[in-house]
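Inspection log for the structure reproduced underneath, given as structure tokens.
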Amino acid sequence: MVSQTDWVERLNSESANRDEAITQLRAILIRGLQKALSSKGVDNAFVEDITQDALLRILDSLETFEGRSQFTTWAMAIAIRTAVSEMRRRHFKDVSLEQVINHDDGQVVELEDSDTVTVSATLDKEILYANLRRLIESDLTQHQQTVIRALLGGMPVETIADRLGTNRNAVYKTMHDARTKLKRAFESSGVSREDIQGILAGGA
């Protein structure tokens, strides 16, 4: 069994066993992705592409592995995030900002880090989301409303930036300013930070 330290050492660019380690890790990622995405309707070509992208990210991030989990678990998490990001990008490829920000079907929204929104069990979700919609309309500029509604609709940051003719950094700045306003507005209305954390803690 390969130890966590061995994985990092073998994948290091100066390791003579690097190619063998990459081949082994690639096989692990493919099996894991095929299992995780089995119900998502993706084909083998998609899995192969995601595996390649994930491998590059893993190799670029080896120094960030802290050993808090199994190396393969850490690597698999990167692969899953890569897959989710790509599926979302493809989903929104031909979707306009207007379609996203005007869509309100009452479903639980999905944030940039792909975690399902959760709120305190003591707070009614419908009331919380109604307050969120009200505060978005009353406290944010039109530009901030557009960005936040697109994010709450699940649109990736890169796609929002492309639709607005801007860049990721500008979208992140708008997100930060809007979230700060919304947090203050929620807290002023008597909703605790813990209650709104599930909605406003999403990252890019």
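The values are calculated or read from the model by the stated rules, or taken from the named source; none is laboratory data. Small disclaimer: the values here were computed from a predicted structure and weren't measured. All Cβ positions, even for glycine, are placed from backbone atoms using ideal geometry, and neighbour counts span all protein chains on display.
Considering each residue of region 14-73, count those that are within 22 Å of R89 (Cα to Cα) and either among the basic types (K, R) or not assigned by TED's automatic domain parsing to the domain that holds M87 (or both), and give that number.
Result for region 14-73: 3.
List every residue pair whose Cβ atoms sit under 9 Å apart, with the two residues 6 or more apart in sequence or on different chains, where the first one lies in region 58-74 and is in contact (Cβ under 8 Å) with a residue 60 or more places away in the chain and the second, anywhere, is charged (D, E, K, R).
F71/D6
Can you name every residue in region 66-98 that is at pLDDT 80 or above and not in a helix (DSSP H, G or I)?
E66, G67, Q70 - these are the residues of region 66-98 that are at pLDDT 80 or above and not in a helix (DSSP H, G or I).
For region 156-186: of the residues being β-branched (V, I, T) and free of Cβ contacts under 8 Å to residues at least 60 places away in the same chain, which is nearest to K93 (Cα to Cα)?
First, the residues of region 156-186 that are β-branched (V, I, T): 157, 159-160, 166, 171, 174, 180.
So of that shortlist, the ones also free of Cβ contacts under 8 Å to residues at least 60 places away in the same chain come out as 157, 166, 171, 174, 180.
Values: V157: 12, T166: 17, V171: 18, T174: 22, T180: 29 Å.
Of everything passing the filter in region 156-186, V157 is nearest to K93 (Cα to Cα).
For region 75-90, what are the residues that are touching a residue at least 12 places away in the same chain (Cβ under 8 Å), out of contact with any helix residue (DSSP H, G or I) (no Cβ under 8 Å at 6 or more places or on another chain) and not charged (D, E, K, R)?
V84, S85, M87
Check whether at least one residue in region 26-40 is under 27 Å from E158 (Cβ atoms) and of a type in the set (S, T, Y), and report yes or no.
Our first condition is that a residue be under 27 Å from E158 (Cβ atoms); within region 26-40, this holds for 26, 29-30, 32-34, 36-40.
Okay, now just the ones that are also of a type in the set (S, T, Y), so 38-39.
Scanning region 26-40 turns up at least one residue that is under 27 Å from E158 (Cβ atoms) and of a type in the set (S, T, Y).
Out of (1) surrounded by 16 or more Cβ atoms within 10 Å (Cβ to Cβ); (2) at pLDDT 80 or above; (3) not in a helix (DSSP H, G or I), the odd one out for G202 is which?
All conditions are met except number (2).
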